[in-house]
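J.: Shown below is the structure under consideration.
Laboratory data are not the source of any read-out in this text; all were calculated from the coordinates shown. Bear in mind that the values here come from a model prediction, so they are computed numbers and not experimental data. As a convention, Cβ positions derive from the backbone with ideal geometry for all residues, glycine included, and neighbour counts pool all protein chains shown.
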Amino acid sequence: MSENSCDARKTLDILRLRADTPGAKNRNHLNNAGASLMPSPVIDAVIGYLRREGEIGGYEAAAEASSSLEGTYDSLGTFLNCSRDEIAIAENATIAWQRAFYSLSFRPGDRILTASAEFAANYIAFLQVAMRTGVSIEIIPNDSFGVLDPDALSRMIDGRVRLIAVTWIPTNGGLINPAAAIGRIARDNGILYLLDACQAAGQTPIDVNALGCDILTATGRKFLRAPRGTGFMYMRKSLLEKIEPAMIDLYGAPLTAPDRYELRSDARRFETWEKNYSVRLGLRAAVDYALDIGLENIEERCDHLSSRLREGLRGLQAVSVHDLGASLASIISFTVNGWDAHAVMAYLTEKGINVSVSPPSSTPVDAYERRLPAVVRASPHYYNTEEEIDAFLEAIAGVAA
């Protein structure tokens, strides 16, 4: 899956990792593309900080933890292979993405190129900007495997292309778009490149320089195993210096005189003064935890478990797997003949197995083109076991009999 990584391979201590995961005792959690089970260091960071707020006060706790809070930017810089000054933290990935996208300028005749499996929230934003400004939204064709085709992208490039914006690993379908190949085309042609890495962060190594993206956004709650309500944005320094956020406050743009303000020089110009400090510490703990394990090791384990799950489903006659691509992520989308996806999820929930349902509205273009119904989405992570995968497959075999 990875396009660049320098992590050393090592054998994961699954027993230790599961001991660090309180939720693993309660559920067979295969909904990591929705929200992973948090490890104990993340939980402790959040609860410990909230307890301290209760003991000494909110402002006082923030001041006391200022060094640890600042370290979140350093951890994310290591995680993405960028400068801490190129990172902004947000309440979620959607806000991070919107703050970047809505700060870009568009004119009539500009073109936005995107993927067929683009996430609905992003696509809706494209539609809104198209209605406001007259830009066109165009879908980059896929190759024979259903993955975005870089050659087709190259043929679409002209002087009117203002932005290439794609989701690296879509919310369903298992596919992995060729993010680095897209980046090379964007750089060669001087075109802005916005990469949604929500499902990639914590599942595969991320190197923004190797990817060639100008902007990258991601969430904490999915494969990164951070708390809900956390997200972040990377913006390349050379672009950051030219961009004024669509909305600013006294934190991102301090007043320098009664009638003047000056934008911060770093990506925190996209942040606001008020923040949830507890989950920021949880985000840092999650990033550090993933870095300690090694993203390449995580990726290898995810590939092993998802391959086992996917192949097991493909062996069941009444099950249809709806994944695309030659190289596949740890997200498996499927349907069971004669069963509504929500009914399958409810059946699994009764058996203590967590999955989710991905409706057609989550990837509207792809779902329309492939005539997809709501699909069940199973997404194992490195702390899952082979026995959990087999228990899931046994449960589905009971439905599909």
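J.: Between PRO360, PRO150, PRO258, where does the largest GNM mean-square fluctuation fall for the chain, given springs only between Cα atoms within less than 10 Å?
T.: Answer for the Gaussian network model of the chain: PRO258.
J.: Using the per-residue mean of other Cβ atoms lying within 10 Å as a proxy for protection, in what order, highest first, do the peptides 292-298, 230-236, 141-147, 259-265 fall?
T.: Values: 292-298: 18.6, 230-236: 26.1, 141-147: 15.4, 259-265: 12.0.
So the order, starting with the most tightly packed, is 230-236, 292-298, 141-147, 259-265.
J.: What lysines sit close enough to LYS222 to cross-link, taking a C-alpha to C-alpha distance under 24 Å and skipping anything fewer than 8 places away on the same chain?
T.: LYS10, LYS25, LYS275, LYS351
J.: Hey, what number do you get for the chain at 222 nm if only DSSP H runs of n ≥ 4 count, each worth -39500 (n - 2.57), divided across all residues, to the nearest 500? Intermediate results must be reported in sequence, preceding the final value.
T.: Details: 15 runs with 162 residues, N = 401.
Taken over the chain, the calculation gives -12000 deg cm²/dmol.
J.: Please report VAL135, VAL42, VAL365, VAL344 as a ranked list, fewest other C-beta atoms within 10 angstrom at the top and most at the bottom. Mind dumping the intermediate values first?
T.: Numbers: VAL135 20, VAL42 28, VAL365 16, VAL344 23.
In increasing order of surrounding Cβ atoms, one gets VAL365, VAL135, VAL344, VAL42.
J.: When the chain is fully extended, how far beyond the present Cα-Cα distance does GLU244 get from ALA346, taking 0.36 nm per residue of separation?
T.: Details: separation 102, 0.36 × 102 = 36.72 nm, distance 4.63 nm.
Full-extension gain reported as 32.1 nm.
J.: Would you calculate the convex hull of the Cα atoms in region 28-181 and tell me its volume per residue in Å³? Don't skip to the answer; put the middle values down first.
T.: Numbers: hull volume 25.4 nm³, N = 154.
Roughly 165 Å³ of hull volume per residue.
J.: Which residue fluctuates the most in the chain, going by a Gaussian network model with Cα springs under 10 Å, if the choices are LEU127, LEU309, LEU328?
T.: Per the Cα network of the chain with a 10 Å cutoff, LEU127 tops the list.
J.: Something else: Kindly put CYS213, CYS198, CYS302 in sequence by how many other C-beta atoms sit within 10 Å of each C-beta, fewest to most. Each step should come with its number before you reach the end.
T.: Working: CYS213 30, CYS198 27, CYS302 24.
Going from least to most buried by this count: CYS302, CYS198, CYS213.
J.: Cα convex hull of region 255-401: how many Å³ per residue? Walk me through the numbers before you get to the answer.
T.: Details: hull volume 29.3 nm³, N = 147.
Convex hull of Cα atoms, per residue: 199 Å³.
J.: Moving on. Direction-averaged shadow area of the convex hull around the Cα atoms of region 140-241, nm²?
T.: Averaging across all directions leaves 7.0 nm² for the Cα convex hull.
J.: To the nearest 0.05, how large is the calculated FRET efficiency for ALA318 and ARG184 if R₀ is 60 Å and r is the Cβ-Cβ distance?
T.: Once rounded, the FRET efficiency stands at 0.90.
J.: Moving to a separate point now. Looking at the P(r) of the chain, how many percent of alpha-carbon pairs lie beyond 42 Å? Don't skip to the end; give the middle numbers.
T.: Details: 9959 of 80200 pairs.
Summing the P(r) of the chain above 42 Å gives 12 percent of all pairs.
J.: While we're on this one: For ILE332, what is the net charge nearby, where nearby means another residue's Cβ is under 13 Å from its Cβ and Lys, Arg count +1, Asp, Glu -1? Please report the intermediate quantities before stating the final value.
T.: Working: positive: ARG308, ARG310, ARG314, ARG377; negative: ASP303, GLU311, ASP323.
Around ILE332, the surrounding residues sum to +1.
J.: Label TRP273 and ALA326 with points 7 Å out from Cα along Cα→Cβ: what is the distance between them in nm?
T.: Taking the simple label geometry, TRP273 and ALA326 are separated by 5.5 nm.
J.: Still on this structure, I have one more. In Å³ and rounded to a whole number, note down the convex hull volume per residue for the Cα atoms of region 192-314. Numbers along the way, then the final one.
T.: Working: hull volume 17.0 nm³, N = 123.
Hull volume over Cα atoms, normalised by residue count, gives 138 Å³.
J.: Out of SER361, SER67, SER330, any idea which swings most in a Gaussian network model of the chain, alpha carbons joined below 10 Å?
T.: Residue with maximal mean-square fluctuation among SER361, SER67, SER330: SER67.
J.: Would you mind ranking LEU255, LEU281, LEU239 by Cβ crowding within 10 Å, fewest neighbours first? Mind showing how you got there, number by number?
T.: Working: LEU255 10, LEU281 24, LEU239 16.
So the residues, fewest neighbours to most, are LEU255, LEU239, LEU281.
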